[in-house]
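Have a look at the structure below before the remarks.
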Amino acid sequence: MTELNWRDNSKQMFEKLIESLPKSFKPMMKKKMMESIGKKASESGEVTEDIIIEVAKEITPKPFAPIVMTSIEPLMTKK
């Protein structure tokens, strides 16, 4: 797997996303999200904030999605 290159606040967003999940879901969700992030980052390994948002929307179980999105959206870099 390509080494990931976290851009802007993407790493902080990922960490906050995992932190906001219930404890019992964290290991499984972290693994699934890292796999998806790796695929989306492709050859360059560049992880953007948009990739984190996209993965969060795709993988987070519906009941937890609002909590996760509320926790990571404030970390987005204003452009």
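Observations, loosely collected:
- Selected residue (criterion: surrounded by the fewest Cβ atoms within 10 Å (Cβ to Cβ)) from residues of region 21-39 that are more than 11 Å from the chain's Cα centre (by Cα) and within 22 Å of T70 (Cβ to Cβ): K23
- Looking across region 49-70, just one residue is among the hydroxyl-bearing types (S, T, Y) and surrounded by fewer than 17 Cβ atoms within 10 Å (Cβ to Cβ), and that is T70.
- Restricting region 7-35 to residues that are touching a residue at least 24 places away in the same chain (Cβ under 8 Å) and of a type in the set (G, A, S) leaves a set whose member that is nearest to P63 (Cα to Cα) is S20.
Every read-out reported here was derived from the displayed coordinates using simple, explicitly stated rules and does not represent laboratory data. Quick caveat, the model's predicted, so the values are computed rather than measured. Cβ coordinates were reconstructed from backbone atoms using ideal geometry, including for glycine residues, and neighbour counts include every protein chain displayed.
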